[in-house]
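All remarks here apply to the structure that follows.
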Amino acid sequence: MLAFALVFYGNGAGVIETVVNYPSWHIIGAGEFPAYHRFIGPRVIAFLVAPAVAGTLFTLLLLRFRPAGLPAWSIWTAVLLQVVVWVSTVTIQVPMQLQLGAHGYSAAVVDRLIETSWWLRRVPYAACAVLFVWMGARVTAPRAGD
């Protein structure tokens, strides 16, 4: 249940980040942007990154403590989708965030951040959430003899 809840929380928080927060950076003045970026960073870590890390850890725990009726491939697929998100985050988005933190606002960097966030984080994480719905349905479905 915790993995399910955290994956869905992470999806919602990530969509808000990609759809609401990042695009608003285009209307923050270049002079104010560094202070805003410093302000928002720790909050994103606490309220988006930390729960997403916990979601991945709980998903990994499902490999060891797999509920009856849940095929191993489904958990491995969920892990793989989350790995895509983390590899993208560490290799693409974090360097862009560091660049914005060091050099200030850049429309091109923000646009690339939005684009890569959609395709390399939101899409695989949404697919993971859909898979979790399917897994949740499998786990909670009545079984013969129940």
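Which one is modelled with the lowest pLDDT, of the residues in the range 108-146 that are touching a Phe, Trp or Tyr at 6+ places or on another chain (Cβ under 6 Å) and over 13 Å from G14 (Cα atoms)? That would be G136.
Can you confirm whether the range 33-50 contains a residue that is at negative phi and either in contact with a strand residue (DSSP E or B) (Cβ under 8 Å, 6 or more places away or on another chain) or hydroxyl-bearing (S, T, Y) (or both)? Scanning the range 33-50 turns up at least one residue that is at negative phi and either in contact with a strand residue (DSSP E or B) (Cβ under 8 Å, 6 or more places away or on another chain) or hydroxyl-bearing (S, T, Y) (or both). When the range 67-78 is limited to residues that are surrounded by 15 or more Cβ atoms within 10 Å (Cβ to Cβ) and of a type outside the set (S, T, N, Q), the one that is nearest to P42 (Cα to Cα) turns out to be A78. Exactly one residue out of L98, L62, L2, L48 is of a type outside the set (S, T, Y), under 17 Å from W134 (Cα atoms) and at pLDDT 95 or above: that is L62.
Scanning the range 37-74 for residues that are over 17 Å from the mean Cα position of the chain (by Cα) and in a helix (DSSP H, G or I) yields H37, R38, F39, L61, L62, L63, R64, A72, W73, S74. The set of residues from the range 22-31 being β-branched (V, I, T) and not in a helix (DSSP H, G or I) comprises just one member, I28. Each residue in the range 26-45 was checked for being at pLDDT 95 or above and over 16 Å from G101 (Cβ atoms), and 2 pass.
Among residues of the range 7-21 that are at negative phi and in a helix (DSSP H, G or I), none has a Cβ under 8 angstrom from a residue that is surrounded by fewer than 17 Cβ atoms within 10 Å (Cβ to Cβ) and among the charged types (D, E, K, R) at a sequence gap of 6+ or on a separate chain. Looking at the range 93-126, which of its residues are surrounded by 13 or more Cβ atoms within 10 Å (Cβ to Cβ), closer than 16 Å to P23 by Cα and without any contact (Cβ under 8 Å) to a residue 24 or more places away in the chain? M96, S106, V109, D111, R112 - these are the residues of the range 93-126 that are surrounded by 13 or more Cβ atoms within 10 Å (Cβ to Cβ), closer than 16 Å to P23 by Cα and without any contact (Cβ under 8 Å) to a residue 24 or more places away in the chain.
The values are calculated or read from the model by the stated rules, or taken from the named source; none is laboratory data. Because the structure is a prediction, the values reported are computed rather than measured. Glycine also receives a Cβ, built like all others from the backbone with ideal geometry; neighbour counts cover every protein chain displayed.
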